[in-house]
Structure formats: structure tokens, C-alpha cells
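Below: the structure, in C-alpha cells.
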Amino acid sequence: MYALVCTPGLPTRIYVMLSVRGEELEGLVPLAEWDTVDGPLLGQQTMVLIYERPKGGRIMDAIESGAHNLNEYEFPRRIMDPLVRAVKSMSSVDRTHRAIRPSNVFFMDDAMQMVVLGDCATSPPGFDQPMMFEPIDRSMTSPGGRGVGTLADDIYALGATLAVLMLGYNPVGRISDEDLLTLKMEQGSYAAICGNARLPIALLEPLRGMLTDTIVARWGLEELTGWLEGQKQPSLKQIPVVRADFPYLFEGNSFYSPRTLSRYLSRHRKTAMQVITYDNLIDWLRKGVEDANRADGIIATVKTAAMHKDEPQGTDEFVIAKACMVLDSQAPIRYKSFTFMPDGFAAALAVEFLHRGEAKIPLEILKIGLPQIWYSLQRSVFDSASLQQEEYSTLTGYLSLDDPGFGFERCLYESNPTLPCQSEIITKDYVYQVGDLLPAIDAASNRSDPKTKPMDGHIAAFIAARFEEDIHPHLKALAAPVEETATIGMLSLLAFLQWKLRITALYGLSSWVGGLLGPAINTYHSRTTRQDIEKEIPSLVRKGSLPELFDLIDNAENRKSDAEGFEEAAREYAEAEYEVREIEDTGSERQSKAEKKGKHTATVISVVMSMIVASILLII
Amino acid sequence: MTEPGNIPSLPEGELPASSGAGLQFLIWGMVFFGVFLWISMPTVVLVIFGLLPTIVAWVVDRSEQKYAMWCVFGMNFSGLLPFLMDIWFKDHTTDAAIAILTNVFDLMVIYSAAAFGWMLYLSLPPVITTFLTVISDRRVTVPKGNQQTILEEWGEGMIQVVGTLDIGPKDEDAAT
């Protein structure tokens, strides 16, 4: 056995692991187990895959050391056949390998008889593939954006691998990746890779079949199996590479195909607009390439951009990206420095975020709808196109909302169903399943600032993407602008998770949340109720029960009686206020009334006294 | 139409009713005054000069009820009555009346009594006001105490909620 420790900064292919674990698939190194373990060197948890050890080592090492020599007659049976079976095995579990290259081919046994394909699940599809082993379109992307691909892409890689294994060396090893790509685009992949190599004549036919750039014409498993069994295969349709009668000259380069020009423009964006807006390009496309559709496409792109001058669709970067798609519709989406195949957006987004800590460009791409434009420019419809377009629409929808549980984070976790949660609170715990989330936050409570919340955009989006229950009411409360409501929303979401997933006591998390409930408790009007709740919290924290904590904080009956009590108290207060005002009356009125009464009294006293005096005088 | 600035004249033979009544009152007053003067000249002289503070209070007090006049009159009359009785029952002559009026001590008694009446008029209302204020303050203690208890239990937020309710008269002085 041997273990492969994954780089935490790369998304892994857990679905592939699930498909191949414990299975005895022909031609593949058996995957015994996989899980997350503590990686002391990395200082965090990471994914580890345990494979059965291929005892014979790498086949390339054996060839280079001379320990293994094969002639052209043994090659199909001993090397090609097991590798075709490996591709077939992957295809049988509805997965692509996307890591077929000479350095990933092993001898399973000491006797070097059993050839197998190595790991393909520790990094995104095609991530570690040298450009030579990727079809033209996928080799133009960044490593993270090469896409899941199809069986055809595995067969292409197999073709290039077989060529190297047969020769015992890389026939294009001395050519730079960029030059190789140009050669592939101008001459075709087969000619570029095998053109100058001394390959056995018998192998030329399958290699040509596997390395043809036209997907529909490329050999499939049926043709390969048939060829290995000695059946004659129908002759390959030769589809010529689009080539102009005369070159398009720009910056000292001569471009004979729209594809090479497109590639150049996407890599020289500063000067690309000079070409796109120049009439010479239109003339060249009409007369040299003889493709009026492409010329019209470029004109339409420029005109549309002029109409959206102050919008993202009017920027030079957008025009360049769209024009490059028009020139080469099969090429990946290339916007600014971000390139990806439409089926590789998820991994590209994850890699971009994990490496840079942000993903502005991919999100910009979603907002301006470049993938939709790419699909609209495709001349042939492929199986998963509509499904992929739907996924893009869903992601754009998520991106349009900024609330917790949506936005960029939701796009990240929805498009990468096995990406671990990237919240700073638990990023070291490699939490990729929702069931592990609360225990991880619980463990993180000891090392986190108790004044911060155990919930952020990543955790909310991770729950929203991975938890199957409807949590919209919780997310709505969490997004409330009022702090108290947001705190209750956070508690309700965490409590719901603990309750639904039947997670045992979470002492640390309960204590953490309990310390943040001040604002939520203050939503009760009654001081007595607040005091009662505050007294009750410590006992519930000791139980580690978030649902009970939530029930205490947001009990419907308590809320109702508090609201009713408040209403009643308000009425009593108002009545008392009315009474006070009535007694006090208005100040001036009371003054004048008292003054009047005083004057009246003085008059009465005066008159009465005069009458008494008069009476006394008369009597005397 | 009446031109601006021209005051329309009253029709001939039509006089305001008030001026007629005033004239009538003046005539009757003069008649009674003449009769009194003829019957008791000393009394009239003594009353006119002795009740001068009352007459002043009558002029000064613009109120409808004329509390100041009545207040001053009561005490003024009390001070004057002994001298009137001297005139009526001892020496009923104008000289005796003038003698009283020219005697500083007699005048002091009459006018001091009037001054006491004025003092009564001035000092009693504030006393009554203070007394009534004390009574209302005592009455307001209970509801205010209840309000304090409510605030302690339900918080200061209660005031804002109650502020939105229509709860009757508002003390503008307190508000300002």
C-alpha cells in the first residue's frame, strides 16, 4: 500500500474516489481507501488516498533504465490492451480518467507484466497533464480549467501516451508547449506529435485514430477493442485543418488560421483591439479563410459593444473574449487571464479561489454571460450542453444575491460539490460533508474569538449547497439587517442542522453561541423574562444542545406572552399618562384657574370683612 | 358704490343705541348725584374722597368681574364707615367732612384699609395657586409611580410606543 497526500489548495475528485474505491477495475491501481487525516507538515487536515502499491514501478523508469524492452509486436497486447481496458473501466463507472500520461502508467507486479493506470483523483481533471496529452482546446486553458472532459479526451491522452511509451522517449520533448500547440493547430495533433517519429507502421492507424482533432472522427473504445482483436477498422475520415490562402500579418507574425490568430489575440490583449476593429481582419476572413460567418460575427461583436459602451459588454476585454470565440468557437473561454473549458469552470473557480483567495474574474465571467455566448457559437450540439447551460444559469442566479448562503460562496460550493468548506473558522479541518461541519465548528470554538460569530458567508453557503433540507427561512433571518434577527437566524440554522443530522452534544459551540445571544435576548421586552432566559442559558450550554437553546431564545409561547404583556403594559402606561396629563392639565390653564380662584376668594374675604365691620359698628 | 377712502355717513335720525343709553345713564346719574348732594352734602364729599382708592381700582381693573375693585372697596368701605357714622350721628356738616378728610390720621386709616384690600387682592392668588399645585402633585404621584414600575419591567422603549398613541391632552409647557 502507499498513500497519496493531497495538496489542501486543490479540489479533489471525490466522486471518482467514490466510484473506484474498493472496486477491482481492470487496468487501474486499486484504491483501497480515502479519508481526511491530520497532516502535521501541512498544519491542517487533508485528504489522503491509499492505493495498492504498484510493485513494478513506473513504466517510463523501466524503459529509460533499460529494464523493460518491448517490440512493436508485443506492445499492443502488453501495453496498449491493459490501458484501453483501464479507459474502459473508467467509462464503465461513468467517469473520465483525465490523467493518462506516461509518468502515470505503472507495472502492478514485480515481473512487469501487468500494466495499470495510476491515480486520477487527487487533483482536478487534467490538472497535472502536460499540454501534449491534452486535446488542442483543453490544452489552451489554465490547468484548473481543463474540464471533466469525455471519453474522447481520455482516448486522445491515451494516444499521446502510447506514442511516447512505444518510442521510449517524448518525440516532441524539445519543442516548447506553445510551439507544440501551434503545430497541433496548424498541422493537426497526429502530425505534430508523431510526424517526425519512427513509429511502427502497425501502430500508425490506431494512433491516427486516437489523435485526430475532430471528436466525432476520433476512435472510440469499440474501434480500439476491434483493432486489438485484429479486426480491420474503417478508414479514418481526413478533415483538413482550416487554413487561409494568404496569411494575416500582425506584429511580425503570419497567421494562416483563425484558430492561431484567436490564440495570439487572447494572449496579447493590449494590442488585440487593433486587429478586431481593423477592416483587414474582415477582408482576410472573407477572402483568405473564406468564412463569411466568422467575418459577420466579428462585425456584430464590435457593433454590439458600441451599443453597450458604458456597460461591461462594451469593454475591450469583453470584445476580445467574444471575438476570440468567434474566430475559434471550440477554444476555451478566455477572459482577461482566466481560461477554462465550459465544463471546467467549477474546478477553475475553486483553483482560482484557493490560490488567490478571491475569484473576481470568474465571477465577472458569470455576470457578463460569456459561457452562454460560447454555447451559442458552437456549430455542433453535444450531449451535456443544455445541462451545463442550466448550471450556469443557476450559478448566475446565486451570484445575483449578496445575502448569506448566496453570492460567490454559493457558486463555489454548488459548482464544486466536494470542495471542503473554506471558512476561516474551519478551513484547517477539511470539512467537505455537512455532517462534519458542526463538530468542526465545535472544535474550533476553543481557538476562535468568542466575540465573532460561528457563521460566515462560506459556512452559510456550504450549508445551503450541501444540506438537503429547506433552509430558506433560516437564511432569510440570517440576512436580516437587524443584528438581533440575524443572531436568531444563525442560531436557528445551527440548531436545525444539529437536530436534523442528530449530532450529539456540542458544548463548545453552545457556549460560543450562548455568549452571542445578548442582542437576541434583548428582543424580549420584559426584564423578568430576560433575566429568566439569562439564568437558563448556562444549564443548556452544559447540555450542548443548540435546539434547546433556540427553543429558549425563540419560544413561540414566550414571544406571544411577551408581546401581549408589552401591549397590556403600553395600554396601562398610556392610561397613567392620560391621568397624569389630566391632573396636571395644561400649566397656564391651571395657573389662570388658581389665580381666578385666588382673586375670587380675596374679594369674598374683603366683602365679608366689610360687612362684619359694618355690623359691629352699627351694633356698638 | 362707496369709493375707497370715503366713509359712508349714517342716515339722518339714526344714532347708535349705545350712545343713547350712555347719555341716558349720564342724565340719571347727574340727577341722583344732585339729589344726594342736596340731601347729604357731607356724606357725598366723604364718600367721593374716601373711596378714591376704590375708584382707582375700578379704573385699573380691566377684568369683567372687577375683583380688584370689589376687594379694595370692601376694605376701603370698612375703613370709611366709622367716619361716615361720625358724620351721620354726630356732626352732619360739610366742615366736619372736610375736617376728617384733612386729618392725616383719619385719611391714613381709610386708605390703609384700602391698601390692605389691595394687598389681599395681590397676595391671595399665589397662595391659592401654590396650594392647588401641591394638591395636584400629590394626586399625580400614584400614576407616575405606576409608569415607573412599567418602565422598569418593560424598558424605555415603552415611551416610544406610547408616544405613537393618542392619549389625550398634552402639557405644552412640559413639552417646551
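Every read-out reported here was derived from the displayed coordinates using simple, explicitly stated rules and does not represent laboratory data. Keep in mind that this is a model prediction, so the values were computed, not measured. All Cβ positions, even for glycine, are placed from backbone atoms using ideal geometry, and neighbour counts span all protein chains on display.
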*State the antiparallel share, in %, of DSSP beta bridges confined to chain A, rounding to the nearest 5.*
90
*For B:Lys144 and A:Glu483, FRET efficiency with R0 = 30 Å and r from the beta-carbon atoms, rounded to 0.05?*
0.35
_Based only on other Cβ atoms within 10 Å, what is the fewest-to-most ordering of B:Trp70, A:Trp499, B:Trp28?_
B:Trp28, A:Trp499, B:Trp70
*Take the alpha carbon gyration tensor of the stretch A:1-69, find the square roots of its eigenvalues, order them as a ≥ b ≥ c, and report rounded if a/c is under 1.5; if not, report prolate when a/b exceeds b/c, else oblate.*
oblate
_Can you give me the angle between helix A:587-619 and the longest principal axis of chain A, using Cα atoms only, in degrees from 0 to 90, rounded to the nearest 10?_
0
*Within the stretch A:12-93, chymotrypsin sites (Phe, Trp or Tyr not before Pro) in DSSP loop having at most 13 other beta-carbon neighbours inside 10 Å*: A:Tyr73
*asked:* Below 12 angstrom from the Cβ of A:Phe345, what's the summed charge of the other residues (Lys, Arg +1; Asp, Glu -1)?
replied: -3
*About its Cα centre, how strong a charge dipole does chain A have in debye, to the nearest 20, once Lys and Arg get +1 and Asp and Glu get -1 at the Cβ?*
1300
*Taking A:Phe406, A:Phe382 and counting other C-beta atoms within 10 Å, the order from fewest to most*: A:Phe382, A:Phe406
*Can you give the average number of partner chain beta-carbon atoms within 10 Å of each beta-carbon in peptide B:112-119, as a whole number?*
2
_Too-long pairs where the Cα-Cα distance tops 28 Å, listed order kept, from A:Lys360/A:Lys476; A:Lys367/A:Lys500; A:Lys336/A:Lys453; A:Lys535/A:Lys560; A:Lys453/A:Lys535_ = A:Lys367/A:Lys500; A:Lys336/A:Lys453
*For the stretch A:195-258, which GluC sites (Glu not before Pro) are both in a DSSP coil and crowded by at most 11 other Cβ atoms within 10 Å?*
A:Glu229, A:Glu251
_Whole-Hz couplings from phi, Karplus 6.51/-1.76/1.60, listed for the stretch A:80-87; x for Gly and Pro_ = 5, 4, x, 6, 5, 5, 4, 5
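Per residue, how big is the convex hull around the C-alpha atoms of the protein assembly as shown? Give it to me in cubic angstrom, could you?
Measuring per residue, one finds 334 Å³ for the Cα hull of the protein assembly as shown.
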*asked:* Between helix A:556-584 and chain A, what is the angle of the helix's C-alpha long axis to the longest principal axis, kept within 0 to 90° and rounded to the nearest 10?
replied: 30
*Exposed loop trypsin sites (Lys or Arg not before Pro) only (DSSP loop, at most 12 other Cβ atoms within 10 Å): please give the longest stretch of chain A free of them, not including the sites.*
A:1-173
*Enter the mean number of other protein chain beta carbons within 10 Å of the beta carbon of each residue in B:56-66, as an integer.*
1
*Ranking A:Leu497, A:Leu249 by Cβ neighbours within 10 Å, fewest first, what do you get?*
A:Leu249, A:Leu497
*asked:* With just the Cα atoms defining each centre, how far is the stretch A:105-167 from the stretch B:86-149? Give it in Å.
replied: 119
_Cα gyration tensor shape of the stretch A:80-237, rounded if a/c is under 1.5, else prolate or oblate by comparing a/b with b/c_ = rounded
*So which chymotrypsin sites (Phe, Trp or Tyr not before Pro) in the stretch A:199-280 are both in a DSSP loop and have at most 14 other Cβ atoms within 10 Å of their Cβ?*
A:Tyr278
